[in-house]
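> Once you've had a glance at the structure underneath, I'll fire off some questions.
The values are calculated or read from the model by the stated rules, or taken from the named source; none is laboratory data. Computed from a predicted model, the values in this text were never measured in an experiment. We place every Cβ from the backbone using ideal geometry, glycine too, and count neighbours over all the protein chains shown. Quick note on the areas: whole protein, heavy atoms, side chains included, nothing else; ligands and nucleic acids left out. Shrake-Rupley method; radii C 1.70, N 1.55, O 1.52, S 1.80 Å.
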Amino acid sequence: MKLSLRTMALTFATALAMSTAVHAKTFRIADQGDALSMDPHSLNESMQLSFTGNIYEPLVGRDKKLGLTGLLAAKWFQPNPTTWRFELRKGVTFHDGTPFTADDVLFSLARGAADGSDMKSYLGQVADVKKVNDYTVDVITKAPFPILPDLMTSFYMMSKKWCEDNNATRPVDKRKGIENTASFKANGTGPFRLKSRDPGVRTVLVRNLNYWDKVDTNVDEVILTPIGNDATRVAALLSGEIDMMQPVPLQDIPRLSASPNLKVMVGPEMRTIFLGMDQSRDELLYSNVKGKNPFKDKRVRQAFYQAIDIEAIKSKIMRGAARPTALMYAPGVRGFTEAQNKRLPYDAAAAKKLLDDAGYPNGFEVKMNCPNDRYVNDAQICQAVASMLAKVGVKINLEAEPKATYFPKILSRNTSFYLLGWTPSGYDAHNPFYNLMSTPGASGQGQFNLGSYSNSKLDALTVKIASETDQAKRQAMIEEANKIHADDVGHLPLHQQALAWGMSKNVTLVQLADNFNPFKWVVMK
């Protein structure tokens with residue numbers, strides 16, 4: 001019996017579809033929280049930047065060992081001390097087919113520096129951006145800024161045309177609840193494109209078949225499902241409903257590691273968890289102390305520091321998976337020195353005396369803001385701190401909430417006492433000095449110094465650290481700035497948490513110390 005051409009064509013198409021389905025791999029992941037927006041300039045938060053970094057790309061990226069590698073820029077160099085020239089990769093297109101050119105770079109840098117952007121601090125040292133030709137851009141800095149390429153690895157490029165066509169020329173402002181098309185749709189150059197977005201429920205990515213580079217993955221589809229409950233997340237992994245989860249609850253690491261079908265990857269993370277205090281207002285927003293601000297008194301800040309039993313938090317809350325710290329950045333960050341990493345001793349009696357000397361013999365009340373789905377055991381850490389402070393007479397009114405409402409609140413400085421985590425972009429000490437410890441000012445300076453700690457000497461050193469090329473002199477400045485901040489008790493550093501990713505044994509991926517998970521390196525057997 002002869003088959004018609006149409007029947008043969010249908011048979012071939014069906015066989016091809018079945019073959020494709022056999023080889024297609026779906027990577028199902030769960031996180032304790034969601035990426036809050038698809039706009040790459042809306043929130044400077046690692047989980048969001050990691051996820052959107054599969055859709056969008058920076059000029060310069062990171063390789064599997066966190067070294068610099070070219071992505072949308074094929075080459076970069078300094079024609080003079082205050083200019084970085086980026087030669088763009090030719091033949092790259094956005095997901096909608098629009099070519100990537102210098103105009104998109106100029107647009108993206110201007111968008112990221114605009115009001116409402118959470119990424120403006122990345123561009124704080126930039127004075128101007130000039131188009132040399134369609135595939136060459138000069139970024140001119142206010143002074144020599146040797147770490148600019150390192151810093152740009154988390155700053156993603158957007159399509160000028162797409163943003164204009166979709167009324168998304170300005171960044172989504174999470175502080176003010178201002179959304180636009182870029183929050184729910186996306187058009188990048190990355191190895192994956194956005195297929196569907198249901199915030200808080202499910203986000204689906206599919207492979208960009210027109211990607212400019214080869215990728216080390218056989219994954220065709222990625223499904224992100226936020227699962228806030230630890231037990232539910234673990235159960236989903238054990239049952240095979242998902243292929244990967246993070247973070248693994250610390251108490252479940254042994255159980256998952258013992259499973260014949262699962263594995264747990266544990267490693268150090270460059271994120272520092274710390275507490276911040278409102279040191280700017282004359283009266284705290286949320287305290288029973290009226291007419292003055294207790295946190296303006298160093299004795300009060302030091303009392304809070306010394307009331308915290310960091311070893312108890314490490315052993316009981318973090319089950320040993322934490323590294324107590326006295327600094328605002330971790331080992332592995334350029335400028336870190338162990339010699340300065342000496343915490344003030346835990347001493348409840350000394351803390352009570354400091355409060356007494358400051359005029360608070362009976363303590364006082366203050367509200368503490370905390371996320372409950374962002375960092376490892378974040379709410380439990382805050383509960384432990386509240387209990388420890390109660391022993392020296394301080395009553396903490398704890399407000400723990402999902403990051404979807406937590407971040408807009410504290411980023412608008414609607415807080416008196418808060419918990420935050422920070423991984424320095426660029427892996428350099430200048431980043432936490434500029435973002436977390438400098439006096440809030442123009443060009444994103446102190447953008448995440450949410451309690452407005454201020455010391456003019458530290459500010460001046462931060463400016464010098466940015467441009468100093470002599471490494472010995474630069475290190476001396478970094479150490480001097482660390483000492484100033486420590487002497488002021490500007491913040492209350494706690495620890496660096498450990499990474500714990502759980503996954504099926506048929507999954508191979510790369511765990512990076514910045515907690516980014518590039519899907520282009522995921523292989524499923």
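> Which number in (1) touching a helix residue (DSSP H, G or I) at 6+ places or on another chain (Cβ under 8 Å); (2) outside any strand (DSSP E or B); (3) surrounded by 21 or more Cβ atoms within 10 Å (Cβ to Cβ) marks the one condition that ARG233 misses?
Every condition holds for ARG233 apart from (1).
> Further question on the same structure: Is it the case that region 417-424 has a residue that's in contact with a Pro (Cβ under 7 Å, 6 or more places away or on another chain), open to solvent by 10 Å² or more (accessible area, probe 1.4 Å) and at pLDDT 95 or above?
yes
> Say whether the condition of being closer than 22 Å to LEU327 by Cα, in a loop (DSSP other than H, G, I, E, B) and either open to solvent by 50 Å² or more (accessible area, probe 1.4 Å) or of a type outside the set (D, E, K, R) (or both) is met by at least one residue in region 388-408.
Going through region 388-408, the residues closer than 22 Å to LEU327 by Cα turn out to be 388-389.
Keeping just the survivors that are in a loop (DSSP other than H, G, I, E, B) gives none.
No.
> While we're looking at this one, here's another question. Tell me, which strands (runs of 3 or more DSSP E) wholly within region 51-109 include 2 or more residues that are free of Cβ contacts under 8 Å to residues at least 24 places away in the same chain? Step through it out loud before you land on a result.
Numbers: elements: 60-62, 68-70, 73-80, 83-88.
Result: 68-70, 73-80.
> I need the full set of residues from region 143-173 which are among the aliphatic types (A, V, I, L, M), over 22 Å from the mean Cα position of the chain (by Cα) and farther than 21 Å from ILE465 by Cα, in order please. Let's see the steps before the verdict.
Our first condition is that a residue be among the aliphatic types (A, V, I, L, M); within region 143-173, this holds for 143, 147-148, 151-152, 157-158, 168, 172.
So of that shortlist, the ones also over 22 Å from the mean Cα position of the chain (by Cα) come out as 143, 168.
Once the filter is applied, which keeps residues that are among the aliphatic types (A, V, I, L, M), over 22 Å from the mean Cα position of the chain (by Cα) and farther than 21 Å from ILE465 by Cα, region 143-173 yields only ALA168.
> Hey, among the residues in region 110-142 that are within 19 Å of the chain's Cα centre (by Cα) and either of a type in the set (A, V, I, L, M) or part of a loop (DSSP other than H, G, I, E, B) (or both), which one's surrounded by the fewest Cβ atoms within 10 Å (Cβ to Cβ)?
The selected residue is GLY116.
> I would also like to ask the following. Does region 426-439 include one or more residues that are open to solvent by 10 Å² or more (accessible area, probe 1.4 Å), in contact (Cβ under 8 Å) with a residue 12 or more places away in the chain, within 28 Å of VAL201 (Cα to Cα) and in contact with a Phe, Trp or Tyr (Cβ under 9 Å, 6 or more places away or on another chain)?
No: zero hits.
> Considering only region 477-497, I want to know if a residue exists there that is farther than 16 Å from PRO432 by Cβ, part of a helix (DSSP H, G or I) and among the small types (Gly, Ala, Ser).
No, region 477-497 has no match at all.
> Further question: Hey, any hits in region 209-230 for a residue that's touching a residue at least 40 places away in the same chain (Cβ under 8 Å), within 17 Å of VAL376 (Cβ to Cβ) and in a helix (DSSP H, G or I)?
Yes, region 209-230 contains at least one residue that is touching a residue at least 40 places away in the same chain (Cβ under 8 Å), within 17 Å of VAL376 (Cβ to Cβ) and in a helix (DSSP H, G or I).
> Further question on the same structure: State which residue is most open to solvent (accessible area, probe 1.4 Å) when the search covers only region 443-462 and only residues that are assigned to a helix (DSSP H, G or I) and without any contact (Cβ under 8 Å) to a residue 60 or more places away in the chain.
To start, the set of residues in region 443-462 that are assigned to a helix (DSSP H, G or I) comprises 443-444, 456-462.
Subsequent filtering for residues that are without any contact (Cβ under 8 Å) to a residue 60 or more places away in the chain retains 456-462.
On the way: SER456: 89, LYS457: 142, LEU458: 0, ASP459: 33, ALA460: 50, LEU461: 16, THR462: 4 Å².
Within region 443-462, the match that is most open to solvent (accessible area, probe 1.4 Å) is LYS457.
> Exactly one of (1) modelled with pLDDT of 95 or more; (2) open to solvent by 50 Å² or more (accessible area, probe 1.4 Å); (3) within 21 Å of the chain's Cα centre (by Cα) is unmet by LYS176. Its number?
It is condition (1) that LYS176 fails.
> Which of the residues that make up region 179-208 are assigned to a loop (DSSP other than H, G, I, E, B) and either surrounded by fewer than 19 Cβ atoms within 10 Å (Cβ to Cβ) or of a type in the set (D, E, K, R) (or both)? It would help to see each step written out before you state the result.
Within region 179-208, the subset assigned to a loop (DSSP other than H, G, I, E, B) is 179-180, 184-191, 199-201, 208.
If the condition is that a residue be assigned to a loop (DSSP other than H, G, I, E, B) and either surrounded by fewer than 19 Cβ atoms within 10 Å (Cβ to Cβ) or of a type in the set (D, E, K, R) (or both), then GLU179, PHE184, LYS185, PRO199, GLY200, VAL201 are the ones that fit.
> Here is a follow-up. Can you name the residue in region 306-348 that is closer than 26 Å to ASP514 by Cβ and aromatic (Phe, Trp, Tyr) and, of all such residues, is most open to solvent (accessible area, probe 1.4 Å)?
Ranking the qualifying residues of region 306-348, first place goes to PHE336.
> Quick check on this structure: which one of LYS395, LYS403, LYS353 is touching an Asp or Glu at 6+ places or on another chain (Cβ under 6 Å) and farther than 24 Å from LYS120 by Cα? Before you say what the answer is, go through the steps one by one.
Values: LYS403 fails: farther than 24 Å from LYS120 by Cα; LYS353 fails: touching an Asp or Glu at 6+ places or on another chain (Cβ under 6 Å).
Result: LYS395 is the single residue among LYS395, LYS403, LYS353 that is touching an Asp or Glu at 6+ places or on another chain (Cβ under 6 Å) and farther than 24 Å from LYS120 by Cα.
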